[in-house]
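A.B. asks: The structure follows.
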Amino acid sequence: MERFRFLNPTALYYGQEQMEAHLAKEVTRWGRNVLLVYGGGSIKRIGLYDKVTGILREAGCTVYELPGVEPNPRLSTVRKGIEICKSEGIDLVLAVGGGSVLDAAKAVAAGAKYDGDVWNFYTQQDTVRDALPLGTILTLAATGSEMNGNSVVTNWETNDKLSTGSIHLYPRFSFCDPTVTHSVPRDHTMYGIVDMISHVFEQYFSHTKNTPLQDRLCESVMRTIVETAHAVLDNPENPEARETIMYCGTMALNGMISMGMEGDWASHDIEHEISAFYDIPHGGGLAIVFPRWMDHVVEAGPGKFAQMAVRVFDVDPAGKTEMEVAREGIDRVRAFFRSIGAPASLADYGIGAERIPEMAEKAVRFGPIGGYKALRREDVEAILRACLS
């Protein structure tokens, strides 16, 4: 394995009534001017908004708001939040929502402590060196943003969807109550399941040698997601299934399962281009891209694909070549996505080939992408064309 240093500073509060018991203490540790960041209003419909603001006001906090964060959070919305932070002397950014809300809140927290344009962090012109303290209250199991330092933002004016990451963007605290997710619509739950297993794929498909424990950790998360997915989707108020799938989302991307491994992340880069142009759900895009990426790169190392096929999807390797087992595993990934109702092609979103060359070019603007196999423009274009139908 590779040498590594691991640090995850997020205090994770998991389970019912944790927020009621500990939110006021965590918030007031940083100050009493709070920017509340949330999305389209679902937190009001389920009563969470009233509960959170009630706790904050009882604790003596002054609450400012940044509502309306989009599913693919916009740079324009982030800039509004930064203006509020700077003009009102915000002490803490509190994100209440799913991954998009958390992504936007991280960008706001970074931009509030920066004299330049926050977009510089996403275009690799600068790095995050400081940020306002951030807290999160998670309402959707998907991205793992509640326990990592990653943020993805879309510049709709230029059709760019880019990411940044920093230790300064880790939440200081996060509250994860699975009962809050019982009312999440089926499609959103499904997209979250695709997103979290895709996060594990990105770390698992690695050429780093001597990673037996990391492989098993990744495989256990993948198996648990596959085994739990239908229980959650068939019965949205199944408390055990909601609890398990939310924990899978956190563990899939908090750094613990892949220490010392070099991951891939090309599929995310490719999907970001699709979302930047067509504003589709991130999980939907990943369900389309990942099997095509697997088809394209399997020859760069069929052993890892065969290992996943056997250990995660129970493919019987008897009498088969390693490549046959690997390809059967890829077929099982497709079948799993299909079984939970995920989209299978860009045609499902009415997307054609018109902008594929442009998307492929943008995907590699900073150089080749991917760690399992370095992808250049022509590779990305081939993958995107395979996604058409």
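A.B. asks: What about Glu243, is it among the charged types (D, E, K, R), under 20 Å from Ser145 (Cα atoms) and surrounded by fewer than 22 Cβ atoms within 10 Å (Cβ to Cβ)? Don't jump to the end; show me each part of the working.
C.D. replies: Numbers: among the charged types (D, E, K, R): yes; under 20 Å from Ser145 (Cα atoms): yes; surrounded by fewer than 22 Cβ atoms within 10 Å (Cβ to Cβ): yes.
Considered against the rule, which asks whether it is among the charged types (D, E, K, R), under 20 Å from Ser145 (Cα atoms) and surrounded by fewer than 22 Cβ atoms within 10 Å (Cβ to Cβ), Glu243 comes out as yes.
A.B. asks: Provide a single number: the residues in segment 114-153 that are among the β-branched types (Val, Ile, Thr) and more than 14 Å from the chain's Cα centre (by Cα). Write out each step before concluding.
C.D. replies: Quick first cut of segment 114-153, residues among the β-branched types (Val, Ile, Thr) only: 118, 123, 127-128, 136-137, 139, 143, 152-153.
Add one more test, that the residue is more than 14 Å from the chain's Cα centre (by Cα), and what stays is 118, 123, 127-128, 136-137.
Total satisfying the criteria: 6.
A.B. asks: So which of Ser183, Ser174, Ser163 ends up being modelled with pLDDT under 95 and out of contact with any Lys or Arg (no Cβ under 6 Å at 6 or more places or on another chain)?
C.D. replies: Ser183
A.B. asks: When you go through (1) crowded, with 24+ Cβ neighbours inside 10 Å; (2) more than 10 Å from Ala252 (Cβ to Cβ) one by one for Ile197, which number turns out not to apply?
C.D. replies: All conditions are met except number (2).
A.B. asks: Name the single residue that is surrounded by the fewest Cβ atoms within 10 Å (Cβ to Cβ) among those in segment 253-285 being of a type in the set (D, E, K, R) and within 18 Å of Pro357 (Cβ to Cβ).
C.D. replies: Filtering segment 253-285 down to residues of a type in the set (D, E, K, R) leaves 262, 264, 269, 271, 273, 279.
Within this subset, residues satisfying the condition of being within 18 Å of Pro357 (Cβ to Cβ) are 269, 271, 273.
Working: Asp269: 22, Glu271: 27, Glu273: 26.
By that ranking, first place goes to Asp269.
Let's see how each residue does on (1) assigned by TED's automatic domain parsing to the domain that holds Ala335; (2) of a type outside the set (S, T, N, Q); (3) touching a strand residue (DSSP E or B) at 6+ places or on another chain (Cβ under 8 Å):
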| position | (1), (2), (3) |
| --- | --- |
| Leu162 | no, yes, yes |
| Cys176 | no, yes, yes |
| Thr189 | yes, no, no |
| Met196 | yes, yes, no |
| Glu202 | yes, yes, no |
| Thr211 | yes, no, no |
| Glu219 | yes, yes, no |
| Thr224 | yes, no, no |
| Thr228 | yes, no, no |
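A.B. asks: Now for a separate question. Could you list, in sequence order, the residues of segment 348-387 that are out of contact with any Lys or Arg (no Cβ under 9 Å at 6 or more places or on another chain) and closer than 30 Å to Ala231 by Cβ?
C.D. replies: Asp348, Tyr349
Residue-wise test of (1) part of a loop (DSSP other than H, G, I, E, B); (2) more than 27 Å from Gly303 (Cα to Cα); (3) free of Cβ contacts under 8 Å to residues at least 24 places away in the same chain.
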residue: Asp348; (1), (2), (3): no, yes, no
residue: Ala353; (1), (2), (3): yes, yes, no
residue: Pro357; (1), (2), (3): no, yes, no
residue: Arg365; (1), (2), (3): yes, yes, yes
residue: Val380; (1), (2), (3): no, no, no
residue: Leu384; (1), (2), (3): no, no, no
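A.B. asks: Another one. Give me the pairs: first residue in segment 199-217 and within 14 Å of Ala306 (Cα to Cα), second residue among the small types (Gly, Ala, Ser), beta-carbon distance under 6 Å, and six or more apart or on different chains, which are they?
C.D. replies: Short answer, once both residue conditions are applied: Ser206/Gly263.
A.B. asks: Looking at Ala363, Ala382, can you tell me which residue is closer than 15 Å to His272 by Cα and surrounded by 15 or more Cβ atoms within 10 Å (Cβ to Cβ)? Show your work before the answer.
C.D. replies: On the way: Ala382 fails: closer than 15 Å to His272 by Cα.
From the options Ala363, Ala382, the qualifying one is Ala363.
A.B. asks: Residue by residue through segment 19-69, note down the ones that are part of a helix (DSSP H, G or I) and either free of Cβ contacts under 8 Å to residues at least 24 places away in the same chain or surrounded by fewer than 16 Cβ atoms within 10 Å (Cβ to Cβ) (or both).
C.D. replies: Glu20, Ala21, His22, Lys25, Lys44, Arg45, Asp50, Thr53, Gly54, Arg57, Glu58
The values are calculated or read from the model by the stated rules, or taken from the named source; none is laboratory data. Source: prediction; values computed, not measured. No Cβ is skipped: glycine too gets one built from the backbone with ideal geometry, and neighbour counts run over all protein chains shown.
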